[in-house]
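Asker: There's a structure below that I have some questions on.
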Ligand SMILES: C[C@@H](O)[C@H](N)C(=O)N[C@H]1[C@@H](O)[C@H](n2cnc3c(N)ncnc32)O[C@@H]1CO
């Protein structure tokens with residue numbers, strides 16, 4: 001799994017077209033959304049993650065929690081982003097893993113939104129620009145490498 005984490009004044013998106021034959025079904029409200037004072041986690045789920053989805057979810061949640069506490073926010077935007085890797089996991093596995101990351105963070109008391117899966121989306125982001133505002137993480141079942 002590859003994650004790009006951006007601490008932002010806000011992240012807002014608007015769903016445009018389908019990017020998969022069968023994207024995630026979404027409600028009218030999910031077609032656009034916004035979160036302020038947010039840690040945006042752009043996530044590419046990779047083929048290697050299919051070997052142990054449970055472990056990858058746990059490690060991703062731990063990394064996100066770690067950074068969220070350093071930048072002092074409880075607002076997390078889980079954003080499916082297929083552009084951080086050339087070895088992508090299948091859409092089914094990727095969606096399952098992203099939903100589990102969302103659920104685990106909610107269980108831990110974070111205010112979490114997840115952008116819809118399988119679409120082209122317009123988005124606006126306002127990176128805060130402090131030293132910890134732009135980070136990346138690589139998570140591989142069995143180990144997690146930091147940037
Ligand atoms: C396209 C661009 O504007 C948009 N931002 C986009 O990336 N859309 C992606 C993800 O929502 C999702 N998706 C499919 N496979 C994966 C995967 N392995 N990991 C994460 N997302 C995935 O399916 C879309 C097409 O790849």
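Asker: Would you please list the contacts, defined by Cβ atoms under 6 Å and residues six or more apart or on different chains, that run from a residue in region 88-100 that is touching a residue at least 24 places away in the same chain (Cβ under 8 Å) to a residue that is near the ligand (Cβ under 8 Å from one of its atoms)?
Answerer: 88/82; 89/45; 89/46; 91/20; 94/45; 95/117; 97/45; 98/80
Asker: Restricting to region 28-47, name every residue that is surrounded by fewer than 20 Cβ atoms within 10 Å (Cβ to Cβ) and either on the phi > 0 side of the Ramachandran plot or within 11 Å of the ligand (Cβ to nearest atom) (or both).
Answerer: Passing the criteria: 37, 47.
Asker: Let me ask something additional. Among the candidates 55, 63, 24, 14, which residue alone is over 26 Å from residue 134 (Cα atoms) and either in a helix (DSSP H, G or I) or touching a strand residue (DSSP E or B) at 6+ places or on another chain (Cβ under 9 Å) (or both)?
Answerer: 24
Asker: Please enumerate the residues belonging to region 80-97 that are buried (at least 19 other Cβ atoms within 10 Å of the Cβ) and either farther than 22 Å from residue 51 by Cα or more than 7 Å from the ligand (Cβ to nearest atom) (or both).
Answerer: 95, 97
Asker: Report whether or not residue 50 is within 11 Å of the ligand (Cβ to nearest atom) and either surrounded by fewer than 17 Cβ atoms within 10 Å (Cβ to Cβ) or more than 15 Å from the chain's Cα centre (by Cα) (or both).
Answerer: yes
Asker: Just checking: which of the strands (runs of 3 or more DSSP E) contained wholly in region 66-147 hold 3 or more residues that are over 19 Å from residue 35 (Cα atoms)?
Answerer: The strands (runs of 3 or more DSSP E) meeting that bar are 134-140, 143-146.
Asker: Condition (residue is touching a residue at least 12 places away in the same chain (Cβ under 8 Å), out of contact with any strand residue (DSSP E or B) (no Cβ under 7 Å at 6 or more places or on another chain), exposed (fewer than 15 other Cβ atoms within 10 Å of the Cβ) and within 28 Å of residue 31 (Cβ to Cβ)) applied to region 112-125: is it met by at least one residue?
Answerer: no
Asker: Among the numbered criteria (1) under 13 Å from residue 5 (Cβ atoms); (2) modelled with pLDDT under 95, which one does residue 136 miss?
Answerer: For residue 136, the failing item is (2).
The values are calculated or read from the model by the stated rules, or taken from the named source; none is laboratory data. Keep in mind that this is a model prediction, so the values were computed, not measured. Here Cβ is always computed from backbone atoms with ideal geometry, including for glycine, and neighbour counts include all displayed protein chains.
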